[in-house]
Structures are given as C-alpha cells and as structure tokens.
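S.K.: Quick one: the structure is below, questions incoming.
The values are calculated or read from the model by the stated rules, or taken from the named source; none is laboratory data. Computed from a predicted model, the values in this text were never measured in an experiment. All Cβ positions, glycine included, derive from the backbone under ideal geometry; neighbour counts span all protein chains shown. Quick note on the areas: whole protein, heavy atoms, side chains included, nothing else; ligands and nucleic acids left out. Shrake-Rupley method; radii C 1.70, N 1.55, O 1.52, S 1.80 Å.
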Amino acid sequence: MQRRSSIRLADIGEHRTAELLAELLWGQWRCPSLAPGDDASCAGPGSPRLLVKIDGGSIASNMAPWMSLRDLGWLQVAAAASDLAAKAARPLVFLISLGLAPETLLEELEELVSGAAEAARVHGGWLAGGDLNSCHGQGCGWVDVAAVGVARAAPVPRQPRRGDLVYTTAGRLGLGGLVFHSLAAGTWREDMESYPRAFMDMSRPIARLGFAELAERLPRGCLTSSVDTSDGLAYSLWLLSRAAGAAVEVEDTPVEREAIDYASEKGLDPLELALYGGQEFEIVFTVKPSCASIVEEEAEKVGLRIARMGRVLDGPGPRLLHRGRTLEPRGWDNFLGWSVS
C-alpha cells in the first residue's frame, strides 16, 4: 500500500481528497442536520438550520476569455449561493477573500468586488467585506466566497432511498456543456454570437433559490436528498447513487433548446452536453414517491421549473443507467480535470 507521505493530490484527485478530509472530520463533527462532504454544513447542534459554505478557485481557471472581472465576482458568489440553495437555505451574508498580484490595478479590484456585491444583492444577501492577500508569479490570484444562510425548513440531507424519484431543477442543462465544448474547440467567438444566452447564463448564473421555497412548502421527509450540479450532472447523479447504495436510472433529461441546436450543428449528442457540462448550478434531488404530486404542484406555485428525470433502482450501486447502457460518472475535478469517479 502506498504511504500517504508519497501520495500527491494529482494521484487521487479532488473528490477522493475531499472524501478523506470528510473522514478526518467525522470525529469532531457537530452539525446534526448535514454530514461531512455535503454541499454545506450547519453551525452546530444549537443551530441546525444556520448553514455555512465556502467556494472559490483561481482566477486563471475560473475566468473564461469572454468574462469580465465583474462577471467573475458574480460567478463566485452564485456558486456559494447555489450550495446553500441546494440544502434549502436562503443566503444572508457573503464574505470574499482575494489573492491578487501587487501589480493589479485598483480599478480591476473594484470591478471584481462590485460584481460580487451585485450578485450578493440579487441572491437576497449582502457582501460584508472580506480579506485581501498578495500573490506572486505569472497567472497567480484567487477568489474565495464564504456564505451564511438560513433554512426555514429542515435542510435537505443526502439520504436517497431505493424507489425514490429523481428530479432536477431545469432551465440551464446543456448550456454548460455547450460553452465548455465551444471553448475547447476554439470557436467560442462565433458561437457566442449564435448562442448568446448560453454564454450569458454561464457568466452570470442565478442560484435556484426557489428550491428553498419549495422545501418550505412540503411535508417533512418528502425531499430525501439534494446536490448542486456545479461539477456536472452525471457526477451529481453518481453522488446520489453512491449515497443510496443503489443504481440510478436516467429516464429523461430536460436539455435546453440552445444546447440541442448546438449539438445538431456540431454533430454532438445533446445528452452528453447535459450530463458532462457543469457550472449550470441546477439542483438534482430525490423525492419520496408518495410526494411526487405535491412536489410538482408546489414547484409550479413558486415558479420553480423542475423535471422528473429518473428513479433510484433496487439494483446495486453506485451506477448510472440510461436505456440499457451504463453512463460514465464523469465530472470536473480540480486536480484531474474531467475524470471518471
């Protein structure tokens, strides 16, 4: 067995690393409503509905060539807000930590922070300051956002059960795949003119806060699990399959019209764009079968677009199935890139 002192993060990847850290935290874990490794955590036994989250990354890896610094600030706030929303919490306040080269212009700093502050307001909170750090070397720099939110209903755990129905919020699936494929192909300038909505939604997404409102209107226990899709839909479904210890069957996926048109133009499979995109900040969730009707009715009342896309099977997992074939649980990994879990 390889000694830990010789294991590099590039050997095991981001997700396996996060699992090891979650195991490390179990002995001192104080959040009764959410387990280590979930999209967010709570503040402790006395505050099971006060949720906290931190998200971020390097400027070089998160800022696409068509994005402004204002867009980047917005994106990082939306990412933290989406993880709170996935656990049925509404954001209250955000904090930002920046690592910037000393040569950065003050105007650039102000643009980035203004974008973050704007996104915080749109998501129902406010930007309460943060931290500034210097970095050195070509391409250095990072943007991290911490968020605090409140779940008025019980936070949605990650405890799917066999027989549960799988739903997703809808409206952006496939757009991330479109944008990432376009960027990799080097055709983003032309594609941005043909598919402007995809590039706008990926630059300035809005978290699905309606999911928190939906959770508040449902009987306790109707929602058995949830996960944000920022690392890709297939990977998110695989997380639910693993948590259930059972296979998940994907029956239908609500791919957006722009993604379908793009796939047709480029000779691609639109389902592949939806499964292996990412940063769409949709929420995949499982529902007790007896609650299906009320979930769909209440989602319509709050204006949250959702779609039933499958079910948790009795067969062993983790495994993703679609029309008789096994789907690769490929998703974004910060140390490995697009990899299979």
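S.K.: How many residues are farther than 17 Å from Ala85 by Cα and modelled with pLDDT of 95 or more if we restrict to the range 284-316? Step through it out loud before you land on a result.
M.R.: Step one: of the range 284-316, the residues farther than 17 Å from Ala85 by Cα are 288-294, 296-297, 300-301, 307-316.
Pick out the ones that are also modelled with pLDDT of 95 or more and you get 288-294, 296-297, 300-301, 307-313.
The number of residues fulfilling the criteria is 18.
S.K.: Considering Glu19, Glu23, Glu14, which residue is open to solvent by 70 Å² or more (accessible area, probe 1.4 Å) and assigned to a helix (DSSP H, G or I)? Lay out the reasoning, then the answer.
M.R.: Values: Glu19 fails: open to solvent by 70 Å² or more (accessible area, probe 1.4 Å); Glu14 fails: open to solvent by 70 Å² or more (accessible area, probe 1.4 Å).
Just one listed residue meets the conditions, Glu23.
S.K.: Is it true that Arg311 is touching a residue at least 40 places away in the same chain (Cβ under 8 Å), among the basic types (Lys, Arg) and either crowded, with 17+ Cβ neighbours inside 10 Å or within 30 Å of Ala60 (Cα to Cα) (or both)? Step through it out loud before you land on a result.
M.R.: Values: touching a residue at least 40 places away in the same chain (Cβ under 8 Å): yes; among the basic types (Lys, Arg): yes; either crowded, with 17+ Cβ neighbours inside 10 Å or within 30 Å of Ala60 (Cα to Cα) (or both): yes.
Here the answer is yes, as Arg311 does meet what is asked.
S.K.: Let me ask something else. Where residues in the range 199-212 are surrounded by fewer than 24 Cβ atoms within 10 Å (Cβ to Cβ) and among the aliphatic types (A, V, I, L, M), which of them is farthest from Val156 (Cα to Cα)?
M.R.: Top of the filtered list is Met200.
S.K.: When the range 43-76 is examined, which residues are found to be open to solvent by less than 40 Å² (accessible area, probe 1.4 Å) and farther than 30 Å from His181 by Cβ?
M.R.: Gly44, Leu51 - these are the residues of the range 43-76 that are open to solvent by less than 40 Å² (accessible area, probe 1.4 Å) and farther than 30 Å from His181 by Cβ.
S.K.: Just to check your reading of the model, which residue among Ala35, Ala80, Ala43 is at pLDDT 90 or above, in a helix (DSSP H, G or I) and within 30 Å of Arg204 (Cα to Cα)?
M.R.: Numbers: Ala35 fails: in a helix (DSSP H, G or I); Ala43 fails: in a helix (DSSP H, G or I).
Going through Ala35, Ala80, Ala43 in turn, just one is at pLDDT 90 or above, in a helix (DSSP H, G or I) and within 30 Å of Arg204 (Cα to Cα): Ala80.
S.K.: Going through the range 138-170 one residue at a time, which ones are more than 21 Å from the chain's Cα centre (by Cα) and within 24 Å of Asp71 (Cβ to Cβ)?
M.R.: Gln138, Gly139, Cys140, Gly141, listed by residue number.
Residue by residue, here is whether (1) open to solvent by less than 10 Å² (accessible area, probe 1.4 Å); (2) in a loop (DSSP other than H, G, I, E, B); (3) at pLDDT 95 or above holds:
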site	(1), (2), (3)
Met192	no, no, yes
Arg197	no, no, yes
Leu214	yes, no, yes
Ser225	yes, no, yes
Ser230	no, yes, no
Ser236	yes, no, yes
Leu240	yes, no, yes
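S.K.: With the requirement that a residue be part of a loop (DSSP other than H, G, I, E, B), touching a residue at least 60 places away in the same chain (Cβ under 8 Å) and either of a type in the set (A, V, I, L, M) or surrounded by fewer than 21 Cβ atoms within 10 Å (Cβ to Cβ) (or both), what does the range 254-271 give you? If you could, list the steps in order and put the result at the bottom.
M.R.: Keep residues of the range 254-271 that are part of a loop (DSSP other than H, G, I, E, B), which gives 254-256, 267-269.
Remaining after also requiring touching a residue at least 60 places away in the same chain (Cβ under 8 Å): 254-256, 268.
Result: Pro254, Val255, Leu268.
S.K.: From Gly56, Gly99, grab the single residue that is of a type outside the set (A, V, I, L, M), part of a strand (DSSP E or B) and touching a Cys at 6+ places or on another chain (Cβ under 8 Å).
M.R.: Numbers: Gly56 fails: touching a Cys at 6+ places or on another chain (Cβ under 8 Å).
Answer to the selection: Gly99.
S.K.: May I pose another question? In this structure, is Phe281 under 23 Å from Gly13 (Cα atoms), in contact with a helix residue (DSSP H, G or I) (Cβ under 7 Å, 6 or more places away or on another chain) and at pLDDT 95 or above? Explain how you work it out, then say what you get.
M.R.: Working: under 23 Å from Gly13 (Cα atoms): yes; in contact with a helix residue (DSSP H, G or I) (Cβ under 7 Å, 6 or more places away or on another chain): yes; at pLDDT 95 or above: yes.
In short, yes.
S.K.: Determine, yes or no, whether Arg49 is part of a loop (DSSP other than H, G, I, E, B) and touching a strand residue (DSSP E or B) at 6+ places or on another chain (Cβ under 7 Å).
M.R.: Values: part of a loop (DSSP other than H, G, I, E, B): no; touching a strand residue (DSSP E or B) at 6+ places or on another chain (Cβ under 7 Å): yes.
No, not satisfied.
S.K.: Follow-up question, since we're still on this one. Which ones in the range 119-144 are more than 19 Å from Leu75 (Cα to Cα), outside any strand (DSSP E or B) and touching a strand residue (DSSP E or B) at 6+ places or on another chain (Cβ under 7 Å)?
M.R.: Cys135
S.K.: Please state which one of Ala79, Ala120, Ala88, Ala40 is touching a Pro at 6+ places or on another chain (Cβ under 9 Å), open to solvent by less than 20 Å² (accessible area, probe 1.4 Å), in contact (Cβ under 8 Å) with a residue 40 or more places away in the chain and at positive phi.
M.R.: Details: Ala79 fails: at positive phi; Ala120 fails: at positive phi; Ala40 fails: at positive phi.
Every option except Ala88 fails the conditions.
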